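A.B. asks: Can you read through this structure? Questions will come right after.
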C-alpha cells in the first residue's frame, strides 16, 4: 500500500518533528519532538508552570474543548493541558481526511491500542481497541463520520442538567452545520464544521439510500436530528467545505487560542504521561496536583533527574480527561477504585469506588464486503492502490482528499412483525429497554465506498463497497483495570462483546446481517459478495446466492447458527467506548456526580466519554465534544460563585 507515501512528507508542523527521508516513509520510525514548539506548547515544563490553577490531564476531544472555553471565560486563570502524545498541528495524516487510515495502523504514532484478554465468546480472540494518542485525541484520528445520539439517549441518562433539552444549546454551540435543519436541532456558528467536504461520490451513496428505502425505511435529509428513526440519508463528515480539512478539537479549539495573544495563561505540555493524582494529607481527599513522566516513545527524561518522575501542583482543580481507558487507569493508580483491584495491583486505597473501570461498552461492529460496479478509480481505495498519485493530489490540494468514502448512514430497529420471530428472552429485553423508546435505534448501518478494514483485498483492478452495521445499544459489558502501579504495567481489559447471557447482542447481529444484505442486493452497483467476508452458507441453502439480486433470501435455523458463529469470529470495535467512570449515583456503580465531581474527593473531576452513563446512537466524537462544552459550563459557573 502507499501507506507508504506520506506519513510526514508534506509536514509543515509546528510540532517540530524531524523530517523523514524517502526511505523512512511508511516505516515505523519514531520522530522525536524538539524541546519547545510554541510559546504556549511545550515538551518540557517551564519552571513557571510547576504550579497552576487548573490541570487537565488529557488533550483529547473533550479536554481541549474544556480548556479553551475555560480560558475564554477566565483569561487570567492559569490552565495546563497535559497530553501523553505529540502535537498534531498541521500533521497531514490528521488534517487531510482521506489519510485517516494512517492513524489507525499498528505503526501509528498518533494512536495506541489496548489489547484485551482472549475471550471465549469471541472464539478465543483478543480484540485490540485503538484510541487517539495525540493532541486532539480521537477527533484527530477517527474516520470523521458525523453522527449524534438520539434525544432519548440523553434523557435515559436520567441525570439533572444532562437531558436532551438541557444539552441542546451545547450541541448547537459546538458546530456549524451545512445541511438542512428542519427540526432546528443544529448549530450554525460553532467551531466544528459539518459538511460533505469538497468531494462526494453521489452515484453509490444515492444507490444505497434508495436500496435501504426500498427495504422499508424512510429516505430523509438528516438522520442526526435527534429523532429520526428507521431512516437513511447521505452522511456528513467533520470536514470543512471551504478547505476540506478535518475538524479536530485541537485545530478548532486549542491551537487558535495558543496563538492569538488573548489567552496568555493557557499552556499545553505534550509527550507527558500522567501517572496519578496527588492528594493532600487531610481527610478531605483534596486533589492537589498530578505526577507525570515524559513519554519515552517521543522523548527522554532529563539526564540529571534519575527518577524521571515529575509533579505539578493545582491550586483550584484537577480534571481527568484521558478517555475511556486512560481516565479509569489514572484514578486506579491514584487509589480510587474497586478495593480488590487496587489490592491486587499493590495500590493503597485512597477512596473505594467500585465503579471505576467497570461498565465498559462499545459499539460492536461488523463489516460486510461486496463487489462493486463502480470504476475502481472512483472508490476511496483508489488513493491507496496506485490508481491515483497521492503525492500529486496533496501538492494540488485535490478536493478528493476531503473524502473518506463513508457516504451514507441509516438508523434502524426491528418492527413489530420481526420481533414476533424472536424468542421470548429477546422480546423481554426489548420490552424493557426499547419498546417505550420508539426513536431508539438498535443499529447504525454505514456505507463505505471501498474497504473499511479488509485491506487484504486491496487491488487496483478491483472495486468494492462495504456495509458496516454497528450495534449501538449492546447489552454486554466489559471492564478495564490496572494490574500494577506503573504506566507500563499490563492492563486487565475485556471487551465483553456478545457476552450477555441471553444472547441479545448476537441475535441482534443476526438480524442486522440480513437487513444490510437485503439492501446490498438491491443496489444497482452490487456485483456479488466477497465470499470470505460473509458466513459460509452451504449450497442449497435459501440463504445462498442462488436467487437473483433483488429477490428475498430465506434463512433456516442452521443458517442463523452460521451467522452467529461468523459474528463471534469477526465482531470487533469501532472505538466508541464509554462508561468506565460513569456519571450515576455511587450506589449504582457511579464514579462522578452530575457536576462531574469524583465521589469522596474534592477539587477532582472527570470529563470525557468515560462518564457517559449509557450509550448513544451514533459515533461518539460529537458526544465527547458535547461533554467538553458542558463540563466547561459547569466549571465556569462554579468558579464564578
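A.B. asks: Counting only residues that are surrounded by fewer than 21 Cβ atoms within 10 Å (Cβ to Cβ) and in contact (Cβ under 8 Å) with a residue 40 or more places away in the chain, which one in segment 567-587 is nearest to residue 351 (Cα to Cα)? Working first, answer last.
C.D. replies: Looking only at segment 567-587, we keep the residues that are surrounded by fewer than 21 Cβ atoms within 10 Å (Cβ to Cβ), and these are 568-570, 572, 585-587.
Next, only the ones that are in contact (Cβ under 8 Å) with a residue 40 or more places away in the chain stay: 568-570, 572, 586.
On the way: 568: 38, 569: 40, 570: 39, 572: 34, 586: 12 Å.
Per the criteria, the residue is 586.
A.B. asks: Moving on to the next point. Considering only residues that are surrounded by fewer than 22 Cβ atoms within 10 Å (Cβ to Cβ) and touching a strand residue (DSSP E or B) at 6+ places or on another chain (Cβ under 7 Å), look in segment 336-346 and name the one that is nearest to residue 468 (Cα to Cα).
C.D. replies: 341
A.B. asks: Something else about it: Of these, 274, 223, 270, which one is surrounded by 17 or more Cβ atoms within 10 Å (Cβ to Cβ), in the same structural domain as residue 449 (by the TED database) and touching a strand residue (DSSP E or B) at 6+ places or on another chain (Cβ under 8 Å)?
C.D. replies: 223
A.B. asks: Output yes when any residue across segment 435-449 is closer than 20 Å to residue 613 by Cβ, more than 23 Å from the chain's Cα centre (by Cα) and free of Cβ contacts under 8 Å to residues at least 60 places away in the same chain, and no when none is.
C.D. replies: Within segment 435-449 (the criterion being closer than 20 Å to residue 613 by Cβ, more than 23 Å from the chain's Cα centre (by Cα) and free of Cβ contacts under 8 Å to residues at least 60 places away in the same chain), the answer is yes, since at least one residue qualifies.
A.B. asks: Does segment 331-352 contain at least one residue that is part of a strand (DSSP E or B) and more than 19 Å from residue 599 (Cβ to Cβ)?
C.D. replies: Checked segment 331-352: no residue is part of a strand (DSSP E or B) and more than 19 Å from residue 599 (Cβ to Cβ).
A.B. asks: For the condition under 18 Å from residue 212 (Cα atoms), at pLDDT 95 or above and surrounded by 15 or more Cβ atoms within 10 Å (Cβ to Cβ), what is the one hit in 414, 376?
C.D. replies: On inspection, the qualifying residue turns out to be 414.
A.B. asks: Please verify whether segment 191-203 includes one or more residues that are more than 21 Å from residue 624 (Cα to Cα), not in a loop (DSSP other than H, G, I, E, B) and not assigned by the TED database to the domain that holds residue 327.
C.D. replies: The answer is yes; a qualifying residue exists.
A.B. asks: Given 446, 512, which one is under 30 Å from residue 421 (Cα atoms), outside the structural domain of residue 273 (by the TED database) and assigned to a strand (DSSP E or B)?
C.D. replies: Just one listed residue meets the conditions, 446.
A.B. asks: Now for a separate question. Residue check: is residue 588 in contact with a strand residue (DSSP E or B) (Cβ under 8 Å, 6 or more places away or on another chain), more than 20 Å from residue 138 (Cβ to Cβ) and modelled with pLDDT of 95 or more?
C.D. replies: It is false that residue 588 is in contact with a strand residue (DSSP E or B) (Cβ under 8 Å, 6 or more places away or on another chain), more than 20 Å from residue 138 (Cβ to Cβ) and modelled with pLDDT of 95 or more.
A.B. asks: Which residues, taken from segment 113-124, are in contact (Cβ under 8 Å) with a residue 40 or more places away in the chain and surrounded by fewer than 19 Cβ atoms within 10 Å (Cβ to Cβ)? Quick ask: steps written out before the conclusion?
C.D. replies: If we filter segment 113-124 for residues that are in contact (Cβ under 8 Å) with a residue 40 or more places away in the chain, which is where we start, we get 114-117, 119, 121-123.
115, 117, 121, 123 - these are the residues of segment 113-124 that are in contact (Cβ under 8 Å) with a residue 40 or more places away in the chain and surrounded by fewer than 19 Cβ atoms within 10 Å (Cβ to Cβ).
A.B. asks: Could you tell me which residue of segment 53-78 is nearest to residue 257 (Cα to Cα), considering only residues that are more than 24 Å from the chain's Cα centre (by Cα) and surrounded by 24 or more Cβ atoms within 10 Å (Cβ to Cβ)?
C.D. replies: First, pick out the residues of segment 53-78 that are more than 24 Å from the chain's Cα centre (by Cα): 53-54, 71-78.
Adding the requirement that they be surrounded by 24 or more Cβ atoms within 10 Å (Cβ to Cβ) leaves 54, 71.
Working: 54: 17, 71: 8 Å.
Across segment 53-78, the extreme among qualifying residues is 71.
A.B. asks: Determine which single condition residue 113 fails, assuming it passes every other condition in (1) under 15 Å from the mean Cα position of the chain (by Cα); (2) within 22 Å of residue 490 (Cα to Cα); (3) at pLDDT below 95.
C.D. replies: The number of the failed condition is (3).
A.B. asks: Still on this structure, I have one more. For segment 98-185, which helices (runs of 4 or more DSSP H) that fit wholly inside it have 2 or more residues that are over 22 Å from residue 251 (Cα atoms)? If you could, list the steps in order and put the result at the bottom.
C.D. replies: Working: elements: 138-141, 151-156, 164-173.
Passing ranges, in order: 151-156, 164-173.
A.B. asks: Which members of segment 475-492 meet the condition of being buried (at least 24 other Cβ atoms within 10 Å of the Cβ) and within 20 Å of the chain's Cα centre (by Cα)?
C.D. replies: Residues satisfying the conditions are 478, 480.
A.B. asks: Can you tell me which residues in segment 391-411 are under 18 Å from residue 144 (Cβ atoms) and surrounded by fewer than 22 Cβ atoms within 10 Å (Cβ to Cβ)?
C.D. replies: Within segment 391-411, 393, 394, 397, 398, 399, 400 qualify.
A.B. asks: I want to confirm something. Restricting to segment 524-545 and keeping residues that are part of a loop (DSSP other than H, G, I, E, B), modelled with pLDDT of 95 or more and touching a strand residue (DSSP E or B) at 6+ places or on another chain (Cβ under 8 Å), which single residue is surrounded by the fewest Cβ atoms within 10 Å (Cβ to Cβ)?
C.D. replies: 530
A.B. asks: Exactly one of these conditions fails for residue 11: (1) modelled with pLDDT under 50; (2) surrounded by 17 or more Cβ atoms within 10 Å (Cβ to Cβ); (3) out of contact with any helix residue (DSSP H, G or I) (no Cβ under 7 Å at 6 or more places or on another chain). Give me its number.
C.D. replies: (3)
A.B. asks: Scan segment 238-258 residue by residue and report those that are within 14 Å of residue 621 (Cβ to Cβ) and not in a helix (DSSP H, G or I).
C.D. replies: The first filter runs over segment 238-258 and keeps only residues within 14 Å of residue 621 (Cβ to Cβ), leaving 238-239, 246-253.
Correct list: 238, 239, 246, 247, 248.
A.B. asks: Moving on to the next point. What about residue 636, is it more than 27 Å from residue 354 (Cα to Cα), modelled with pLDDT of 95 or more, in the same structural domain as residue 314 (by the TED database) and in contact with a helix residue (DSSP H, G or I) (Cβ under 6 Å, 6 or more places away or on another chain)?
C.D. replies: yes
A.B. asks: Additional query: Is there a residue being within 29 Å of residue 369 (Cα to Cα) and in contact with a helix residue (DSSP H, G or I) (Cβ under 8 Å, 6 or more places away or on another chain) anywhere in segment 180-197?
C.D. replies: Scanning segment 180-197 turns up at least one residue that is within 29 Å of residue 369 (Cα to Cα) and in contact with a helix residue (DSSP H, G or I) (Cβ under 8 Å, 6 or more places away or on another chain).
A.B. asks: Of 429, 404, 385, which residue is in a loop (DSSP other than H, G, I, E, B), assigned by the TED database to the domain that holds residue 231 and modelled with pLDDT of 95 or more?
C.D. replies: The match here is 404.
A.B. asks: Can you go through 615, 622 and tell me which one is outside any helix (DSSP H, G or I) and either surrounded by 24 or more Cβ atoms within 10 Å (Cβ to Cβ) or touching a residue at least 60 places away in the same chain (Cβ under 8 Å) (or both)?
C.D. replies: 615
The values are calculated or read from the model by the stated rules, or taken from the named source; none is laboratory data. Given the structure is predicted, the values throughout are model-derived calculations rather than measurements. Here Cβ is always computed from backbone atoms with ideal geometry, including for glycine, and neighbour counts include all displayed protein chains.
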